[in-house]
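Take a look at the structure set out below.
The values are calculated or read from the model by the stated rules, or taken from the named source; none is laboratory data. Predicted model, so just to flag it, every value in this text is computed and none were measured. Cβ atoms come from the backbone with ideal geometry, glycine included; neighbour counts cover every protein chain shown. SASA here: full protein model, heavy atoms, side chains in, ligands and nucleic acids out. Shrake-Rupley method; radii C 1.70, N 1.55, O 1.52, S 1.80 Å.
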Amino acid sequence: MTSAILGTGKCLPKKIVTNDDLSQIVDTNDAWIRERTGIQTRHLATSETTETLSIEAAKQALEAAQIAPENLGLIIVATLTPDGSMPNTACKVQAAIGAKNAMCYEINAACSGFIYGLQTAHAFISSGILSYALIIGAETLSKIMDWKDRSTCVLFGDGAGAAVLGASEKGIICLDGGADGSKGGVLTCGNAPLCNPYTKHPASNPYVEMDGQEVFKFAVRKIPAIVNNLLEKTDHTIDDLSCILLHQANQRIIQSAAKRLHADLDIFPMNLDKYGNTSAASVAILLDEVARSGKLSKGDLIALAGFGGGLTWAGLLLEWV
Ligand code: UT7
């Protein structure tokens, strides 16, 4: 017994912000952003929250899977931008959709979070502990951007994607992943310093800071390694894959991965031009778009791969059912 993706959903905030719009806020321009990243627009939350985006994506995924919410044994929300630290976003989704039998928690593995979530749910399902799980990747990254820092604020967007995973004869075949905490300093976002009557530490920068070139180098090495590991472990070759869904951070990273894997760029669907980098939501949103495009057929072999803050990375090989 394994687990399979039975339905997907997504939700993007209504407000679309162009590169030209951002050039009114910081010293940037459309040409730089397009050439260095491939991003043209991003959706930014104005009234939406991580909770509301998650709930809408979840409802769509349940409808597509035709699974009643009471059948869910687990809800995981992968996010680094919850609306608050308690209750967790998964509990809020549970209440909104009526999934009264589900355990609920968040995972923070930055941009690898949605795939980490799928892997965790797969472990529960394939071991027979539960039958159905809902995994959501959701972010309102705009609230942790330094809107004076052009090197980061132009890159990210808000949104959510979701998938229902269920017990199945065919589906997930192989997992890969890891982390290197020693490199965590290249992509950070400040946290709450100790502050009580006995100690006081200066507040750290509450916004995202990134050594873009270090993350870029990490990504272009790691993505091909994840995909090759998945293929080697299962005796497949790159030609067996119908598509590879990568974390949507930068078009140049995806082009480099295609080159290093000796694969046609056509098998790497992209949507970062529309949404920018939505961290934990990125692979989830892309999965939903590809699933709904009608381009996938039963039996297709698909790889998912992500990388991000931590540093973390994760991959998954699955057969479409
Ligand atoms: O999901 C999290 C993972 N994050 C990523 O995957 C990001 C990985 N890194 C990247 O995608 C790229 O490194 C960036 C897109 C972030 C930056 O591209 P780059 O080619 O590495 O540019 P750079 O940082 O070397 O900057 C080149 C120049 C600099 O100016 P000088 O020093 O050459 O005069 C920057 O100050 O571009 C300047 N610059 C900008 N110019 C216009 C940086 N940001 C901007 C901007 N607009 N928004």
Quiz item: At q = 0.21 Å⁻¹, what base-10 log of I(q)/I(0) does the Debye formula yield for the range 174-288 when every alpha carbon is treated as an equal point scatterer in vacuo?
Solution: -1.29
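Counting DSSP beta bridges in the range 2-169, what percent are antiparallel, to the nearest 5?
70 percent
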Quiz item: Got a sec? What order do 247, 43 fall in by accessible area at 1.4 Å, biggest, i.e. largest, first?
Solution: 43, 247
Quiz item: Å³ per residue of the Cα convex hull, for the chain?
Solution: 139 Å³
Practice problem: Could you look at the range 104-144 and say what percent of its accessible area is carbon and sulfur, using a 1.4 Å probe and all protein chains? | Solution: 54 percent
Practice problem: Please arrange 275, 207 by accessible surface area, largest first, computed with a 1.4 Å probe and ligands excluded. | Solution: 207, 275
Quiz item: If you add up the charges near residue 209, with Lys and Arg at +1 and Asp and Glu at -1, over every other residue whose beta carbon is less than 10 angstrom from its beta carbon, what do you get?
Solution: -3
Quiz item: Check residue 177: other-chain or 5+ apart residues with amide H under 5 Å from its amide H, H built from backbone geometry?
Solution: 315
Exercise. Take every DSSP beta bridge whose two residues both sit in the chain, then give the antiparallel share in percent to the nearest 5.
Key: 75 percent
Quiz item: Between the DSSP loop rule and a limit of at most 15 other Cβ atoms within 10 Å, which trypsin sites (Lys or Arg not before Pro) in the range 2-96 are left?
Solution: 14
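Report the antiparallel proportion of the DSSP beta bridges in the range 174-319 as a percent, rounded to a multiple of 5.
Bridges in the range 174-319 are about 85 percent antiparallel.
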Quiz item: Got a number for the accessible area of residue 55? Probe 1.4 Å, square angstrom, nearest 10.
Solution: 20 Å²
Quiz item: What accessible area per residue comes out for the range 50-175, rounded to a whole number of Å², with a 1.4 Å probe?
Solution: 36 Å²
Exercise. Evaluate the range 229-321: find the radius of gyration of its Cα atoms, find its Kirkwood radius, and give the ratio Rg to Rh.
Key: 0.93
Quiz item: Counting Lys +1, Arg +1, Asp -1, Glu -1, what net charge surrounds residue 272 among other residues with beta carbon under 13 Å of its beta carbon?
Solution: +3
Quiz item: Any idea of residue 189's accessible area? Nearest 10 Å², probe 1.4 Å.
Solution: 50 Å²
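About the Cα centre of the chain, what is the dipole size in debye to 20, counting +1 per Lys and Arg Cβ and -1 per Asp and Glu Cβ, all else neutral? Don't jump to the answer; show the numbers that get you there.
Values: 26 positive and 33 negative charges, 56 e Å.
Taking the Cα centre of the chain as origin, the dipole is about 260 debye.
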Exercise. Just report the Cα centroid separation between the range 5-66 and the range 68-97, whole Å.
Key: 20 Å
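Below 8 Å, C-alpha to C-alpha, sequence gap of six or more: please give me the relative contact order for the range 2-169 in percent.
On the way: 385 pairs, mean separation 58.5, N = 168.
Answer for the range 2-169 is 35 percent.
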